[in-house]
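Here's the structure, in structure tokens; my notes come after.
Nothing in this text is a laboratory measurement; each read-out follows from the coordinates by a stated rule. What you are looking at is a predicted structure, and each value in this text was computed from that prediction instead of being measured. Quick reminder, even Gly has a Cβ in these numbers, built from the backbone with ideal geometry, and neighbours come from all protein chains shown.
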Amino acid sequence: MKKVLSLAAFLLFVTFSFAQIKGRQVPSVKIKNLDFENINTADVIQNGGDPIIISFWATWCSPCKRELNTIRDMYPDWQAETGVKLVAVSIDDARNINKVPTYVYGQGWEYDVLLDPNGDFKRAMNVNNVPHTFLIDGDGKIVWHHNSYQPGDEEELFRLVQALSNGKELDH
């Protein structure tokens with residue numbers, strides 16, 4: 001009985017957490033780019049009305065790296081078809097932050113990669129663990145999110161990006 005109540009409480013928390021963030025504007029938070037310069041997230045989520053994917057990840061997170069490396073191979077086609085922009089936000093802390101640029105350049109990621117070493121953006125987006133991926137509409141509103149990664153998740157993400165870029169509303 002205790003397990004059932006715990007599971008019910010967890011599901012209620014997850015549902016409530018997403019209900020709080022879905023439809024909200026992406027929060028304006030100061031974070032860093034790969035040159036360790038301060039930037040504002042409000043400036044990054046501009047994409048001319050096209051969708052934006054925000055993916056929270058870390059260098060120590062194998063599923064995160066698998067997801068972003070899988071998308072890397074399809075990203076040019078995704079951009080050509082939908083105009084989507086991907087922003088990968090590293091949550092590596094101050095001890096590991098210097099590993100991020102080396103890893104990103106070694107992987108050949110064409111994404112915008114940002115650094116959130118203090119976790120300010122992570123907290124503002126209600127991210128509890130990584131990988132955590134958000135889909136943002138052309139107005140800067142959060143319309144979908146997904147936590148974790150399994151092979152094939154990128155296909156579902158792209159279907160949602162296509163729907164959004166074709167003017168459809170997402171029911172998720």
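A few comments on the model shown:
- When chymotrypsin sites (Phe, Trp or Tyr not before Pro) are flagged only if DSSP places them in a loop and at most 14 other Cβ atoms lie within 10 Å, the longest unflagged stretch of the chain comes out as 61-172.
- Under 5 Å, built H, 5+ apart or other chain: amide partners of W57: V89, S90, I91
- Excluding same-chain neighbours fewer than eight residues apart, the aspartates and glutamates reachable from K141 by a Cα-Cα span under 15 Å are D43, D50, E169, D171.
- Within the chain, percent of DSSP bridges classed antiparallel, to nearest 5: 60
- Label-point separation in nm, D73 to Y103, each point 7 Å along Cα→Cβ: 2.0
- Applying the criteria of a DSSP loop state and at most 13 other Cβ atoms within 10 Å to the GluC sites (Glu not before Pro) of the stretch 31-113 yields E37, E110.
- Loop-resident GluC sites (Glu not before Pro) (DSSP state other than H, G, I, E or B) in the stretch 121-172 with no more than 15 further Cβ atoms inside 10 Å of their Cβ: E169.
- Taking trypsin sites (Lys or Arg not before Pro) across the stretch 42-97, the ones in a DSSP loop with at most 10 further Cβ atoms lying within 10 angstrom of their Cβ are R95.
- For the stretch 84-100, 3J(HN,Hα) per residue [Karplus equation, 6.51 cos²θ - 1.76 cosθ + 1.60, θ = phi - 60°, Hz, x = Gly/Pro]: 4, 10, 10, 10, 9, 10, 7, 9, 4, 7, 4, 5, 10, 4, 5, 6, 4
- Label-to-label distance for E110 and E81 is 1.5 nm, based on points extended 7 Å past Cα in the beta-carbon direction.
- Gyration tensor (alpha-carbon) shape descriptor, the chain, a/c threshold 1.5: rounded
- Once backbone amide H atoms are built at 1.01 Å from N, D112 has L86, A88 as its partners under 5 Å, excluding neighbours fewer than 5 places away on the same chain.
- Distance between the pseudo-spin-label points of N126 and K30 (7 Å out from Cα toward the beta carbon): 2.7 nm.
- Above-threshold pairs, the threshold being 28 Å between Cα atoms, out of K65/K168; K30/K168; K85/K168: K65/K168; K30/K168
- Sequence of S55, S148 once ranked by neighbouring C-beta atoms within 10 Å, starting from the fewest: S148, S55
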